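To start, the structure itself, in structure tokens.
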Amino acid sequence: MTGGFELRETGSKGVGVFAAKPFAENDVIFEEKPIVSAQFCWNEAYGYYACHHCLKPMESVEENVRRLTANTSVVVPFPELCVTDKTNQVFCGACGVGFCSEVCKTSADQQYHNLLCPGKLPAMVHLVETWKRMHYPPETTSISLIARVIAMIESAADRETLVQNLMSFSHEATDESSGLCLLQGRDDEDKIKTLQALIQETIPINHAQSFVSEDGLRSLFALIGRNGQGIGTSVFSEWVKAIEKKEMSAEERESVDSFIDTAYANMNEHVGSFLNCEGSGLYKLQRCVNHSCQPNATINFPCSDHTLVLEATCPIAPGEEICISYLDECMLERSRHTRNKTLKEFYLFECKCDKCIAQSDQPDVTSEEDSDEEEDDEDMES
Ligand SMILES: C[S@@+](CC[C@H](N)C(=O)[O-])C[C@H]1O[C@@H](n2cnc3c(N)ncnc32)[C@H](O)[C@@H]1O
């Protein structure tokens, strides 16, 4: 973590992160590892092979391109630029999951894996399969993250500090939603009851009972909905970055650029936009960064694992609030009405950023594109 920022009350948005020194574009504001993270269940099931603890890709770049293009004869040039180091990979003797290093395996074992390993707790497989039938891609959270939080509370040497940390995360459910929209569909109350009963049956719980009551679980979903940070890692995009930096002849550059274009086109045909190992995590500092529809910072994963970096996207002056966008770039271009509909549905709040306040006297307009989508949603629901 670097200095240069402070946490302060904002008034209307709760706590926020403020610059305590000037930041230039691309400056790192802070870097941190999560309290807990987990790969999404379908992402793992579809063979996106990542370290069970830190989400670092476990495949070589060639294995990755072959899988994502469904072409087993692709030969990737400059294989020496692949960042995957298989020499340190280790595996769980009981369930077979892989870790990029002994360090990750030891952390996982100590924090949650000793309790949740399906080799020792076969009912975990049923819990995950039940979840997968409730929550299809594109995934926004996972039962694995919930299970890890519970297991960490069970296993923590300093349980009190961990619980205090988690409780400092904003975790209120709203009147309209308890964060259950994360489960998708209309029968969320039934789903939460099913999950709650299954968690109670599956995980031996002595210390985390209050987190697995119906209200406790609802609150945990709200906590993850409000604070969970998506994580994406890719050995191919790391290799592409290394290729961009490598010095080579014009001929080699042309040939490798053409290889990259073809690979992306073939991936798009086979897996669409699902290119990365994906998951989500809870971070102690990142959870204080508020949303703005006109952000001045962004989150990156430069080590292609769950280590998060908050970076300035424009100059930031001391005293200014540092905000990221919880919405993707496409959604940021949409009307205030549509942006807020998404923020309410997925992040459980109404936006009070400067841009939304400035646009608050505008009518609740839904752009043509948005209203088409809304009609489609309504058709699907009816
Ligand atoms: C990741 S937390 C950010 C830290 C939070 N302010 C706190 O005090 O814990 C996300 C929550 O902050 C609030 N928040 C973030 N950005 C906001 C915004 N632009 N307008 C209103 N509330 C916001 C919402 O309550 C949201 O659920």
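Values as computed for the structure displayed
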item	result
Candidates L166, L145, filtered to the one that is within 16 Å of the ligand (Cβ to nearest atom), modelled with pLDDT of 95 or more and part of a helix (DSSP H, G or I)	L145
Flag if E247 is under 26 Å from E44 (Cβ atoms) and exposed (fewer than 13 other Cβ atoms within 10 Å of the Cβ)	no
Contacts under 6 angstrom Cβ, first residue in region 64-83 being hydroxyl-bearing (S, T, Y), partner at pLDDT 95 or above, 6 or more apart	T69/N266; T69/M267; T69/H270; T72/R66
Region 104-152, residues that are in contact with a Cys (Cβ under 9 Å, 6 or more places away or on another chain) and closer than 29 Å to T87 by Cβ	C104, K105, S107, A108, D109, H113, C117, P118, G119, K120, S144
Region 1-52, residues that are more than 16 Å from the ligand (Cβ to nearest atom) and acidic (D, E)	E25, D27, E31, E44
Any hit, region 256-271, residues being away from the ligand (no atom under 16 Å from the Cβ), touching a Pro at 6+ places or on another chain (Cβ under 9 Å) and not assigned by TED's automatic domain parsing to the domain that holds I224	yes
Hey, E25 under 15 Å from F301 (Cβ atoms) and acidic (D, E) or not	no
Subset tally (residues that are closer than 17 Å to N268 by Cα and over 15 Å from the mean Cα position of the chain (by Cα)) for region 31-70	12
First in region 279-308 and more than 17 Å from M331 (Cα to Cα), second anywhere and among the polar types (S, T, N, Q) and part of a loop (DSSP other than H, G, I, E, B), Cβ under 6 Å, 6 or more apart	S280/T141
All positions within region 338-351 that are surrounded by fewer than 16 Cβ atoms within 10 Å (Cβ to Cβ) and touching a residue at least 12 places away in the same chain (Cβ under 8 Å)	E345
Hits in region 19-42 (condition: over 19 Å from T307 (Cα atoms) and crowded, with 17+ Cβ neighbours inside 10 Å)	A19, F23, C41, W42
Top-ranked residue in region 285-312 [being under 14 Å from the mean Cα position of the chain (by Cα) and assigned to a loop (DSSP other than H, G, I, E, B); ranked as farthest from the ligand (Cβ to nearest atom)]	S304
Only listed residue being buried (at least 20 other Cβ atoms within 10 Å of the Cβ), under 14 Å from L81 (Cβ atoms) and either within 28 Å of the chain's Cα centre (by Cα) or at pLDDT 95 or above (or both), chosen from V256, V235	V235
Test: residue in region 319-327 that is over 16 Å from N26 (Cα atoms), at pLDDT below 95, of a type in the set (A, V, I, L, M) and not assigned by TED's automatic domain parsing to the domain that holds L145	yes
Residue, nearest to D188 (Cα to Cα), within region 336-355, restricted to residues that are within 8 Å of the ligand (Cβ to nearest atom) and not in a loop (DSSP other than H, G, I, E, B)	Y347
Qualifying positions in region 1-22 - of a type in the set (S, T, Y) and under 17 Å from T298 (Cβ atoms)	T2
The lone exception for T87 - which of (1) out of contact with any strand residue (DSSP E or B) (no Cβ under 9 Å at 6 or more places or on another chain); (2) more than 25 Å from L308 (Cα to Cα) it fails	(2)
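The values are calculated or read from the model by the stated rules, or taken from the named source; none is laboratory data. It should be emphasised that the depicted structure is a prediction, and the values quoted were computed from it without experimental measurement. FYI the Cβ positions are ideal-geometry reconstructions off the backbone, even for glycines, and counts take in every protein chain you see.
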